[in-house]
Structures are given as C-alpha cells and as structure tokens.
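Notes to accompany the following structure.
Bear in mind these aren't lab numbers, they're just calculated from the coordinates by the rules spelled out. Quantities reported herein were computed from a predicted structural model and do not represent experimental measurements.
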Amino acid sequence: MYANFHTGSPVALANYSDPELDRLLEHARSTAELETSTEDYCAISRLINKEAIWFWSFQNTYYAISTSRLKGLPKLHSGVIDVSNAWLE
C-alpha cells in the first residue's frame, strides 16, 4: 500500500497526495504492534475509499477512458495501449 499510495512513490499511479494518508502509511509500516497497524490500515482503506483514489476490480481488468472524439484506439492488451495510430476528430 505504501508504494501504491505514498506521495512521490514512482508506482503511485494515481499521483494522489495527502499528508494524512502519508502519515498513516508511514506509521503503519513502522509499527510492530499488530493492533496498531491494523487500525492504521483500516483508516488508510477508509480514506482511499472516501476519496476514490483507486478502483479495485479484484481481477486484472484494464480500462481506457477517453473522449468520444478519440478514434483509432485499439483494444487493450495487458494494460498497454498503442496510441501511435490514434487521432482526435
């Protein structure tokens, strides 16, 4: 969770930044107390859900959302889209 949601992480794909979320992530990963880290991760999950930072789909489903003016967009393959032949109308 730290890698996916902490400010500045190279794999935080949503580029979301929140000092409270960062604080919770840092505290959760640094405590050895199971009860404390569980409370932190529950708070982290509530914040992520409230802010709709990430959409959990429970499987490897990939979505591409664009304007209807975008033409020539091929099907997704493993989360990669080749847009070299796409254009805007």
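Using C-alpha pairs below 8 Å separated by at least 6 residues, the relative contact order for the chain is 16 percent. The angle between the Cα long axis of helix 19-30 and the longest principal axis of the Cα atoms of the chain comes to about 60 degrees, rounded to the nearest 10.
In the chain, helices alone account for a calculated mean residue ellipticity at 222 nm of -11500 deg cm²/dmol, with every DSSP H run of four or more residues adding -39,500 (n - 2.57). GNM remark for the chain: springs join alpha carbons under 10 Å apart, and the peak mean-square fluctuation among Arg69, Arg23, Arg46 falls on Arg69. Using only Cα atoms, what is the ratio of the radius of gyration of the chain to 2.2 N^0.38 Å? So the Cα radius of gyration is 1.44 times the expected 2.2 N^0.38 Å.
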